[in-house]
């Protein structure tokens, strides 16, 4: 039987960015998560040019075994996050269109974010394996999923990226890994704050300037722990020690997809929680083209009358 692998469906996104987010002090987590999902999310979704938009919400309450640290590798100091965002484009022209219109989005960030750091991926990101059928997840994560952020042990970016690519290939080949996506962004430049959102922090420490980000998913924590104990994973320890100085893992609590292939999802059109209600109740009428047109444009879709 041929193994299902949906990784190629991400290839349409040629230019990408990965943004780390930290919620503002004093904003309760539930208020932050709700606003991000249902106010900020639909606003971002409607910015022209956007081809791909996914929010990954992180849990600060995570177990102690998300990613085993090889000898000599430690966690990135004082690194706390509440999420990671992917924003992608089919081409440079679409990205330019988005950037021109984006001040209306960036002005909203100060309502819930203390810090946002956008890492540029001008060559896009790479999905090595995706055994998950749903192309537009909008749900509290039912899998054991994490994002692992790596900082290099040396200044040889080519060698670091080469090692991370090889590591991704090794991990993705194991059937225990349900999804693996790798981001190898350009080094961040503190002199060019990105995104340029007002009243939000955009400066990082030296150990966060160059990162590699690995999204990896397992069926359960038991499957994850068994994989980390396997010969396949332990054989990578020497390479990790050579090329990685810091590694911090963040447990994913929810994945919410607002735009795919330049099309609004139900979450992008209606808000993430409303989309969940529509799915839970099987309210298929809410996904009909005439309803979508009414919600998006505020007027009924024209109806052609056929003369008898």
Handout entry: Matching residues, region 51-69, being buried (at least 18 other Cβ atoms within 10 Å of the Cβ) and either at pLDDT below 95 or assigned to a loop (DSSP other than H, G, I, E, B) (or both)
Key = 51, 66, 67
Problem - Boolean, residue 226 is closer than 21 Å to residue 65 by Cβ, in contact with a strand residue (DSSP E or B) (Cβ under 6 Å, 6 or more places away or on another chain) and either part of a strand (DSSP E or B) or at pLDDT 95 or above (or both) - result: no
Handout entry: Residues of region 1-36 satisfying the condition of being without any contact (Cβ under 8 Å) to a residue 40 or more places away in the chain, part of a loop (DSSP other than H, G, I, E, B) and either closer than 16 Å to residue 59 by Cα or touching a helix residue (DSSP H, G or I) at 6+ places or on another chain (Cβ under 8 Å) (or both)
Key = 28
Exercise for the section: Could you please give the count of residues in region 103-154 that are outside any strand (DSSP E or B) and within 19 Å of residue 175 (Cα to Cα)? Expected result: 6
Handout entry: Filter result for residue 41 (within 14 Å of the chain's Cα centre (by Cα) and either outside any loop (DSSP other than H, G, I, E, B) or surrounded by 15 or more Cβ atoms within 10 Å (Cβ to Cβ) (or both))
Key = yes
Practice task
Output the number of residues of region 140-167 satisfying the condition of being modelled with pLDDT of 95 or more and more than 16 Å from residue 237 (Cβ to Cβ).
Solution key: 18
Problem - The one condition in (1) in a loop (DSSP other than H, G, I, E, B); (2) within 23 Å of residue 267 (Cβ to Cβ); (3) at pLDDT 95 or above; (4) within 19 Å of the chain's Cα centre (by Cα) that residue 48 fails to fulfil - result: (4)
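The values are calculated or read from the model by the stated rules, or taken from the named source; none is laboratory data. The structure displayed is predicted, hence computed values, not measured ones. Neighbour counts are summed over all protein chains in view; Cβ atoms, including those assigned to glycine, are modelled from backbone coordinates with ideal geometry.
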